[in-house]
Amino acid sequence: MLQLDVMLKNAEREILSATDMKKIEELKVQYLGKKGELTQVLRGMSALAPEDRPAAGKAANDAREKLNQLFSDAEKIISDKAVKERLYEERLDVTVPGRKQDIGHTHPLTQVIRKIENIFIGLGYQIAEGPEVESVHYNFDQLNAPDNHPSRDEQDTFYFDAEKLLRTQTSPVQARVMENNAPPIRIICPGRVYRADEVDATHSPIFHQIEALVVDKDITMGNLVATLKLFAKEMFGEETEVRLRPHYFPFTEPSAEVDVSCWVCKGKGCPVCKYEGFIEILGAGMVHPNVLRNCGIDPDIYSGFAFGLGVERTAMAVFGINDLRLFYENDARFLSQF
Amino acid sequence: MKAPISWLRDFVDIDEDIKRFCNLMTVTGTKVEGYNQAGAEISGVVTGKILTLRAHPNSDHLLIADVDVGDKVLQIVTGAPNVKIGQIIPIATDNSTLPKGVTIKKGKLRGELSEGMMCSIQELNLTKHDYPDACDDGIWVLKEDTPLGMDIKKYAGLDDCVVEFEITPNRQDCFSIKGIAREASAALDKPFKDKPIMLQEKGKGKADDYIKVGITATDLCSRYCAGIITDVIIEPSPDWMRSRLRNAGVRPVNNIVDITNYVLLECGQPMHAFDLEFIEGNTINVRRAADNEKIITLDEKERILDRSVVVISDAKKAVALGGIMGAMNSEITDNTKTVLFESAMFDSANIRISAKKLGMRSESSALFEKGLDANNALHAINRACELVELLNAGKVVKGVVDVHKHLPVPVRIKLDAKRINQLLGTDIPVADMKSVLVKLGMRIDKDDIIVPTFRPDITGCADIAEEVARFYGYNNIVPSLALGKSVTQGYRTHNQNVRKVIHDTLIACGLNETMTYSFISPKNLDKLGISEDSPMRDYLTIKNPLGEDFSVMRTTMIPSMLKVLAYNTNRSVKQGRFFEVSKTYHPAEILADEREVITVGLYGDCDFYDLKGIAENISESLGIKDVEYVADRENPVFHTGRCANILLDNLVIGTLGQIDYSVSEEFDAPEDSYILTMDVSPLYERATFTNTYMPIPRYPSSLRDLSIVVDRDVQSADIVKTVKKAVKGILENVTLFDIYTGGQIEEGSKSLSYSFTFRAKDRTLEDQEVNKAMDKIMNTLSREFDAKVR
């Protein structure tokens, strides 16, 4: 038995000093292999007296187990170390920028339009569309624009002939919807509109509007105020306040201009709101009875509200853009910021 | 509209703080754009009397004065040449401020104490227009009876606050002090003070002894009132009048002209004054001008007229452009003795058109354009006469020659309080409604409202509701989100969803969305090199474009996109990836045929197949699987060898390819410009968003690669089609993974390498089976395309 103890001691020393798997494999062969030292010891057992054999057998098995344990512990230590070394070797500079996919960018005007569309779809509105090449009838007459209203001038409106023009507002869509649909009507009309303005930082002959129209029984100005407040909060943030001022539009009566509290300074005054705390953002009002009547809806039964806003103006305010021309120059360095 | 507070106070008591006043006006609908005090920068300048004058011991041209400023006597050193003992003059005292940031402090001038400075009109930001008697290059000598120690701002009306209002086009009545005062009366809840006109009429005879008035152009002039002033003495008008005019933005001229301007501002009725001496035949006729009739207007310009313009003429000649401007031949001069005042009513549309045609918009025409109240004309002329008497400018002759047709009559509207509250969503008592309406100049007759003719904008219940709501306060209306009694569903229509999916797909493809103008120059079509009879040349032309560049509605998106590519490449943007979903416009029987088009533009590090991949992504995102691409060598816009038409159900729905080199050069776009255009409307019908799960295969696939050599003009699509037809059932997919032309193969040929995926649904395929299929494929290809294995 002394033989076994010596062998185990030697084996333990050698295993613990092994530093790689190759050495471990060699030692396995040396001790546990067919011609290994343990086998030799077991073979020597045949020379023992039969009564000594069980004890010797147990000692041999214990030694084998002990050896296995030593080998597996050593293997774990060596492999853990190898993994650790590999991980260390493979280390990276994580501050190097990532490899990005080119993702396209939605035009800021489309972003504003989509945001507004989504707000109103959630409130039960549908999106109505109409032609950009319009008739004088729908663009002006049906909307109660006075015959001598300056907006009808060639100075303000692009004409193809006496009857055909490029719409100056999205309101003709409202007229078309009212003519073709019975109340209840809840729509928003986004789209391109045209006015004969020379191009500069705040004017463009082409721009976008979004208008909303609700016609039903018992629609009140209180409904309009509530809708505007909800819209402003969704669009500009929960703390946004809304202020209405009386104004004039031919197709609404009463009419209002609507200011919202500045989303940058929350009404305290800053360069974005020109230190006024509020920013004028849209026009609104109760649909003029003449407009309802023109479109075949009885103003004695139904009432409605409408409001509209300039998409460019809103986008300029929201994104802090100071020159309207940027929207139509399509510089990739501009577009990819949004 | 600029309104001095002092002037408004003639009609309503305003004692609110200016900020509160402005806010009340704004929230009730008369928006304040700003306000300022003419003399805001001036402080500490008071009136003082020169008691003594003595020579300065150390200077030849300086004098030392003792000046009584009321509560004390100050010693002032001055160099002014016009000072005399006894004069009352403005003194800037110690620590006073003057315009342009000047501060005056006491100090020593050449050893002598000076406790302030004497001021000229210029130093107080005034001009000879304001004070014609003031000295040009010396101290401003004030009136003899001026109290001492008085703030000069009070003396000169520089303490008046001038408020600028934004007036909406429906409120022509508010382009006047009285109109704004009426609004203020309702906003401040104070009475409106309308003073009756008192006239002495000391002139000889009656007005119609002096002038006969006729209106020939009755369609263009509905009323003409003429008043006569005799024994006129032309002189500057008094300080208070000049100061009010100045504060309202009008330059003072002389008493008669100032009176006409004063009445225009106060009453909102344009007036004109003629020197009666130059009115020949004692006749005024309002008529249309003759074609090519000439007139020299007060701005000293000759105007050539035509029959559309209305003129005021005497027996022989035109003496004014009706409602726009007077003529030189009858203007008020320093020698004018008899004046004819005109207060008339012209057709608003005609004035607007004439003023524009003649390129001369005046204060007067700007007002007439808005459509005034003919009933106001008589009041205005009487007010002018009253001012003549107040200013002692002449003797008013009895009566006004007043020629008119029908005058507007007040409208009667039922006050339906219930309906008004219903519309507003309020509960306003009827008495409150009446109180507001009365302050605005309306009369109440039982349940009716009688609307004065200066408020033609009020025609129905909704208009009354607005008046009530304005003064109730829009912001006091209680919000309620319960819209009516019905529920509606909000959604995007199928077509709107298709467009959204297309947009989102193109964004996912890494493209930036652009927005381009809908109108272009027709020259762009020449630059594209398209034929004269191309349907693209059938476009809508704008009658009044901003210029040739914006003169026709685009019939193709390609020039718009090429310009985007050119714009970016010229700004050194190395790579362009753009798209737009927008419209082209084509003539149609009714309005126009507006077609939605997808346009994609690429340049820099890209090729035909990048573009085609995008086209394929679009159709796949819409669930459309059977799109075909057919080479088009005839399209003049595109590279003849790199252009394909996109076919859906045998219909060309789009085109894609590299832009022809000469075309891209014409547009200054890069050589490697790739453009895709695809019509949206055919996609609407075919797009489907239903999606059914395909089980993931349970058995493995077998892959085989094959490279063949064929003639260069053999189309890969045909090969794939043929292969799919030849081997059915187990051929799952065919993919082209390489195309090669060049040295290693015969000229005029190309090598195509395909990868074939075979799979059966119910078993693992045997090699033998796959080999058999590959043999069949090769045989078919060699038969049909003369293909050889490479």
Two decimals is fine: what's Rg over Rh for region B:385-435, C-alpha atoms, Kirkwood radius as Rh?
1.39
Take the alpha carbon gyration tensor of region B:204-319, find the square roots of its eigenvalues, order them as a ≥ b ≥ c, and report rounded if a/c is under 1.5; if not, report prolate when a/b exceeds b/c, else oblate.
prolate
Convex hull volume of the Cα atoms in chain B, per residue, in Å³?
301 Å³
Length-normalised contact order for region B:386-458 - Cα pairs under 8 Å, 6+ apart - percent
32 percent
Using the alpha-carbon centroid of each, what span in Å lies between region B:559-588 and region B:318-341?
59 Å
Karplus 3J(HN,Hα) series, Hz, for region A:178-183 with 6.51 cos²θ - 1.76 cosθ + 1.60 (x for Gly, Pro):
5, 5, 9, 9, 7, x
Assigning unit charges at the beta carbon (Lys, Arg +1; Asp, Glu -1) and nothing else, what dipole magnitude in debye, to the nearest 20, does chain B show about its Cα centre?
1500 debye
Honestly region A:108-335 on the Cα gyration tensor test (a ≥ b ≥ c root eigenvalues; a/c under 1.5 rounded, otherwise a/b vs b/c for prolate or oblate) is just oblate
Specify the inter-centroid distance of region A:270-295 and region A:104-150, based on alpha-carbon positions, in whole Å.
15 Å
Looking at this model, which pairs from B:LYS2/B:LYS439; A:LYS274/B:LYS100; A:LYS100/A:LYS266 are more than 32 angstrom apart at the alpha-carbon?
A:LYS100/A:LYS266
Can you list the aspartates and glutamates whose alpha carbon is less than 12 Å from that of B:LYS202, not counting same-chain residues fewer than 8 positions off?
B:ASP231, B:GLU386, B:GLU389
What number, in nm² with one decimal, is the all-direction average of the projected area of the convex hull of the alpha-carbon atoms of region B:411-474?
3.7 nm²
In region A:210-318, what chymotrypsin sites (Phe, Trp or Tyr not before Pro) fall in a loop by DSSP, with at most 16 other Cβ atoms inside 10 Å?
A:TYR275
Would you count, across region B:328-399, every pair of lysines whose alpha carbons are under 19 angstrom apart, provided the pair is eight or more residues apart or spans two chains?
4
Here the alpha-carbon Rg of region A:6-46 over 2.2 N^0.38 Å rounds to 1.20
Can you list the lysines whose alpha carbon sits under 28 Å from that of A:LYS81, skipping same-chain ones fewer than 8 residues off?
A:LYS9, A:LYS22, A:LYS23, A:LYS28, A:LYS66
Scaled radius of gyration (Cα, divided by 2.2 N^0.38 Å) that region B:494-686 gives
0.98
A correct Stokes-Einstein calculation for region A:2-89, using the alpha-carbon Kirkwood radius, 10 °C and 1.306 mPa s, returns a whole-number D in µm² s⁻¹ of 112 µm²/s
What shape does region B:43-155 take by its C-alpha gyration tensor, where a ≥ b ≥ c are the square roots of the eigenvalues and a/c under 1.5 counts as rounded, a/b above b/c as prolate, and the rest as oblate?
rounded
If you average the sequence gap of Cα pairs under 8 Å that are 6 or more apart and divide by the length of chain A, what percent do you get for the contact order?
15 percent
Helix-only mean residue ellipticity at 222 nm for chain B, each DSSP H run of n ≥ 4 adding -39500 (n - 2.57), per residue, nearest 500:
-8000 deg cm²/dmol
State the Cα centre-to-centre distance between region B:240-283 and region B:754-790 in whole Å.
101 Å
Check: chain A dipole with +1 on Lys, Arg Cβ and -1 on Asp, Glu Cβ, in debye
2080 debye
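How much length is gained if the chain between B:LYS434 and B:TYR740 is pulled fully straight, taking 0.36 nm per residue apart and subtracting their Cα-Cα distance, in nm to one decimal? Write down the numbers at each step before the final one.
Numbers: separation 306, 0.36 × 306 = 110.16 nm, distance 9.01 nm.
Length gained, B:LYS434 through B:TYR740: 101.1 nm.
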Can you give me the Kirkwood hydrodynamic radius for the protein assembly as shown, using every pair of distinct Cα atoms, in Å to one decimal?
38.0 Å
First obtain the Kirkwood hydrodynamic radius of region B:177-264 from its Cα pairs, then insert it into the Stokes-Einstein equation at 20 °C and 1.002 mPa s, and state the resulting D in µm² per second as a whole number.
129 µm²/s
Ranked list, fewest to most other Cβ atoms within 10 Å of each Cβ, for B:MET536, B:MET25, A:MET45:
A:MET45, B:MET536, B:MET25
P(r) tail for region B:633-784, what percent of Cα pairs lie past 17 Å?
74 percent
For region A:1-134, the dipole about the Cα centre with charges only on Cβ (Lys and Arg +1, Asp and Glu -1), to the nearest 20 debye, works out at 760 debye
If r is the Cβ-Cβ distance from B:LYS317 to B:ASN392 and R0 is 56 Å, what FRET efficiency results, to the nearest 0.05?
0.95
Here the convex hull volume per residue of region B:301-372, taken over Cα atoms and given in Å³, is 108 Å³
Using DSSP to call loops (not H, G, I, E or B), can you name the GluC sites (Glu not before Pro) in region B:139-237 whose Cβ has at most 14 other Cβ atoms within 10 angstrom?
B:GLU144, B:GLU201
Per-pair calculated FRET efficiency, R0 = 60 Å: B:LYS105 and B:ASP593 via Cβ, rounded to 0.05:
0.15
Return the lysines within reach of B:LYS625: Cα separation strictly under 20 angstrom, same-chain partners fewer than 8 residues apart disregarded; answer none if there are no such residues.
B:LYS500, B:LYS612, B:LYS721, B:LYS724, B:LYS725, B:LYS728
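Throughout, read-outs are computed from the coordinates displayed, never taken from laboratory work. Remember, predicted model here, so these are calculated numbers, not experimental data. Note that we place each Cβ from the backbone using ideal geometry, even for glycine, and neighbour counts take in every protein chain shown.
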